[in-house]
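One structure below.
Bear in mind these aren't lab numbers, they're just calculated from the coordinates by the rules spelled out. If you're wondering where the values come from, they're calculated on a predicted model, not measured in any experiment. Positions of Cβ are backbone-derived with ideal geometry, glycine not excepted, and every protein chain shown enters the neighbour counts.
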């Protein structure tokens, strides 16, 4: 194949003609629409996907065979009719009108080519492979995985608009962060990290990325919430990409909503990458499903670090009760549940260091879980589970240490 000159085109608002009505033409039209092109389709009949686009007026459809003049005003043409004679005619007309033409049937006879593309945010990587599309797609797929997981260097080298991204890091194991979360970390200039976020992820940051500790422990805050909000806004306004790395999910007792509201009030671009919440994942890692057929059909998640919870209502609920930040007052909480009518024989569990190699599960009942936790030295971070599902780990737990009552 002849030498190529790589070039990216801005097709926004520009007329692009697609000749053909089948799945290949539909795929080309869909990508062109995503890039903002004014797409005109010439074909006597359309496949279902193209017909839907035409019905929605997303593309302009000329319901007939290709004819001279169809390329008038076009900046680019894709021909994908499956009929060589028609594709030859389109290509010849394009050559005569100096319009770049992409042929789906014969890359060697095209004047333009569509590469395989890997994308990650504002990063776009194009791949060609000497006219071998399957080879190009294989390379693209490998690059896409590396882009998605932040393996490749994604951090900007030129100044640009700042933004804030709240990233849920999951319950502890760094492997439980989402690929989108990893990509956000790879793009970050500043990472504002919580105490319970997966700290091992910080070792993967590029040199020069600033890490700001914003951890909160009971009665010991590195930064107040107002200070965190101001920090996020100030750094984003300075043109930095700021990642707020949290344990679990930002919107499950993580004050993520407050941080998003502060950014929006300040006119700062902000988005959220959800995370695996410890309220569900930590019991699950210990073999405790928070819902289970014939045992529990609902789950209630409670912040239990203070005494303001409505224990009377919680004691009447059916299903599973999950307490976060509740180890410090475990005895008080269990006593309140019993005082409001919960059977003290109800199964209970405490899972420490969920998803980490040091994970440990303590099993007992509501009546004696606090004493048992004291005996074995339970410490935070830990998740407390109350309900019938807490009796299941003996048959479902995999690779965990379990401390049971005598």
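One table, with the values for the structure above:
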quantity	calculated
Net lengthening on full extension, residue 48/residue 156 (0.36 nm per residue, minus Cα-Cα)	34.8 nm
Rounded tilt (10° steps) of 84-96 against the dominant C-alpha axis of the chain	80
Cα long-axis angle, helix 133-148 against the chain (0 to 90 degrees, to the nearest 10)	30
Scaled radius of gyration (Cα, divided by 2.2 N^0.38 Å) that the chain gives	1.34
Hydrodynamic radius by Kirkwood, which averages 1/r over all alpha carbon pairs of segment 279-403, in angstrom	14.0
Label point distance in nm, residue 72-residue 3, each placed 7 Å from Cα along Cα→Cβ	3.8
Chain lengthening between residue 374 and residue 64 when straightened (0.36 nm per residue, less Cα-Cα)	103.6 nm
Debye intensity ratio I(q)/I(0), log10, segment 1-114, q values 0.14, 0.17 Å⁻¹ (C-alpha model)	-0.49, -0.74
Degrees between helix 23-34 axis and first principal axis of the chain (Cα, 0 to 90, nearest 10)	70
Spin-label proximity, residue 317 to segment 284-303 - amide N less than 19 Å from point 7 Å beyond Cα toward beta carbon	284, 288-303
Principal semi-axes in Å for segment 215-351 [√(5λ), Cα gyration tensor, largest first]	35, 17, 13
Rounded to 5, percent antiparallel among DSSP beta bridges of the chain	35
Calculated FRET value between residue 129 and residue 88, using beta carbons and R₀ = 22 Å, to 0.05	0.30
